[in-house]
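Everything on this sheet refers to the single structure shown next.
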Amino acid sequence: MLKGVTIGALARRMGVQTSAVRYYERQGLIVSERLDNGYRVYTQDAVNALRFICRAKALGFSLEQIGEILQIRRRDDQPCARVKGLIERNLADVDRKIGELSRLRRELKVLSAVTVEPSSPASVCAIIEAAK
């Protein structure tokens, strides 16, 4: 007899929606078995993979990156060297985004101090239109 958990039990256990579990399965990130009644059953390998997916997503890894890592592991290779490279790339992306957000924050602070005056009839909002 196949041991495993149903999609509902797995989703509740991991704190995700059943639709997310189905999506990850369609993407090849996790695998289920089918019972005679058609129900999906997930083994401990799927539970472990879903736990990894949730943690990696929380750390900002894309599903494409997660899939690559899982494929390396499924070949019985250690993916940590590749993960290290992905971390460095993701960290550079985060630093770039922080810079962009800092510039946006400064611009919004300047605009928030602008005195609102009536706009010309052709204008939608002089505050935004005057922004450089």
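Ignoring everything except DSSP H segments at least 4 long, calculate the 222 nm mean residue ellipticity for the chain; use -39,500 (n - 2.57) per segment, divide by total residues, nearest 500.
Working: 6 runs with 82 residues, N = 132.
Roughly -20000 deg cm²/dmol at 222 nm, from the helical runs in the chain.
With just the Cα atoms defining each centre, how far is region 105-125 from region 1-40? Give it in Å.
That distance is 51 Å.
Build a GNM of the chain with springs between Cα atoms under 10 Å: which of Arg73, Arg82, Arg103 gets the top mean-square fluctuation?
Arg103
Could you name the lysines whose alpha carbon sits less than 27 Å from that of Lys57, not counting residues in the same chain fewer than 8 places away?
Counting by Cα, and skipping residues close in sequence, Lys57 has these lysines nearby: Lys84, Lys97.
So how strong a dipole does region 1-99 carry about its Cα centre when Lys and Arg Cβ are +1 and Asp and Glu Cβ are -1, to the nearest 20 debye? Walk me through the numbers on the way to the answer.
Values: 18 positive and 11 negative charges, 46 e Å.
Computed charge dipole of region 1-99: roughly 220 debye.
Would you mind telling me which residue in Ser102, Ser120, Ser112 has the biggest mean-square fluctuation in a Gaussian network model of the chain, where springs connect alpha carbons within a distance under 10 angstrom?
Ser120
Mind listing the phi-derived Karplus ³J(HN,Hα) values for region 40-55, rounded to whole Hz, using 6.51, -1.76 and 1.60 with θ = phi - 60°, and x for any glycine or proline?
Residue by residue, region 40-55 yields 7, 10, 10, 7, 4, 4, 5, 4, 4, 5, 5, 4, 4, 4, 4, 5 Hz.
Placing +1 at every Lys and Arg Cβ and -1 at every Asp and Glu Cβ, with all other atoms neutral, what dipole size does region 78-132 have around its Cα centre, in debye to the nearest 20? Intermediate values should be presented prior to the final figure.
Details: 10 positive and 7 negative charges, 71 e Å.
The dipole magnitude comes to about 340 debye.
Answer with one residue from Thr115, Asn37, Val94: the one whose Cα lies farthest towards the positive end of the charge dipole of the chain, charges on Cβ with Lys, Arg +1 and Asp, Glu -1.
Going by the charge dipole, the pick is Asn37.
Tell me the relative contact order for region 1-59 as a rounded percent, counting alpha carbon contacts under 8 Å between residues six or more apart.
Result for region 1-59 is 38 percent.
Averaging sequence separations of C-alpha pairs under 8 Å and six or more residues apart, then dividing by the length of the chain, give the relative contact order as a whole percent.
Computed value for the chain: 15 percent relative contact order.
Values in this text are rule-based calculations from the coordinates and carry no lab data. Everything numeric here is computed off the predicted structure, so don't read it as measured data. Glycine gets a Cβ as well: all are built from the backbone with ideal geometry, and neighbour counts include every protein chain shown.
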